[in-house]
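Since every read-out is calculated from the coordinates, none of them should be taken as a lab result. Fair warning: this is a prediction, and the values are worked out from it, not measured in the lab. Methodologically, a virtual Cβ is constructed for each residue, glycine included, from the backbone with ideal geometry; neighbour enumeration extends over all protein chains shown.
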Amino acid sequence: MQIKDLEPSLRTVAMPADANPSGDIFGGWLMSQMDIASGTYAGFIAMGRVATVAVNAMTFHLPVYIGDEISCYCQTARIGTTSITVDVETWVRRRPNAHREKVTEGRFTFVAINDAGRPRPVKG
């Protein structure tokens with residue numbers, strides 16, 4: 001994925017409430033940000049509601065610290081009849097020098113759902 005060509009699907013700052021006593025951001029918090037970013041991305045593709053059905057892969061490369069600005073970048077990996085699989089990379093901009101690093105990557109699968117919560121065709 002070439003992030004320089006992509007617009008972030010989510011951007012936020014890691015705060016003290018998101019960290020353990022050592023100042024490292026919890027992996028679960030980061031994973032939830034990636035789920036929000038990829039779910040929003042998949043919802044636009046599906047033109048409606050989607051639900052997370054799987055986190056197919058998740059790799060943590062580097063820690064995230066309090067004050068880091070995180071950006072999640074999404075790209076379509078696959079579109080099925082009712083499902084969308086999204087690749088997500090999370091990058092940080094570290095303080096004080098604004099150094100950028102890729103910290104996490106994952107693959108999330110969503111199913112498009114109707115108002116009753118039942119699967120429906122993507123784009124339909």
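Can you give the calculated 222 nm mean residue ellipticity of the chain, where each DSSP H run of n ≥ 4 adds -39,500 (n - 2.57) and the sum is split over every residue, rounded to the nearest 500 deg cm²/dmol?
Helix-only estimate at 222 nm: -5500 deg cm²/dmol.
Out of 23, 39, 106, any idea which swings most in a Gaussian network model of the chain, alpha carbons joined below 10 Å?
It is 23.
Relative to the first principal axis of the alpha-carbon coordinates of the chain, what is the inclination of helix 27-46, with its axis defined by its Cα atoms, in degrees from 0 to 90 and to the nearest 10?
Computed tilt is about 40 degrees.
Sticking with the crude label model, points 7 Å out along Cα→Cβ, report the distance from residue 116 to residue 77 in nm, one decimal please.
Calculated label separation equals 3.1 nm.
Under a 10 Å cutoff between Cα atoms, tell me which one of 17, 46, 77 has the largest fluctuation in the Gaussian network model of the chain.
Comparing 17, 46, 77 in a Gaussian network model of the chain, the most mobile one is 17.
Select from 71, 83, 22 the residue whose mean-square fluctuation is largest in a Gaussian network model of the chain (Cα-Cα springs shorter than 10 Å).
22
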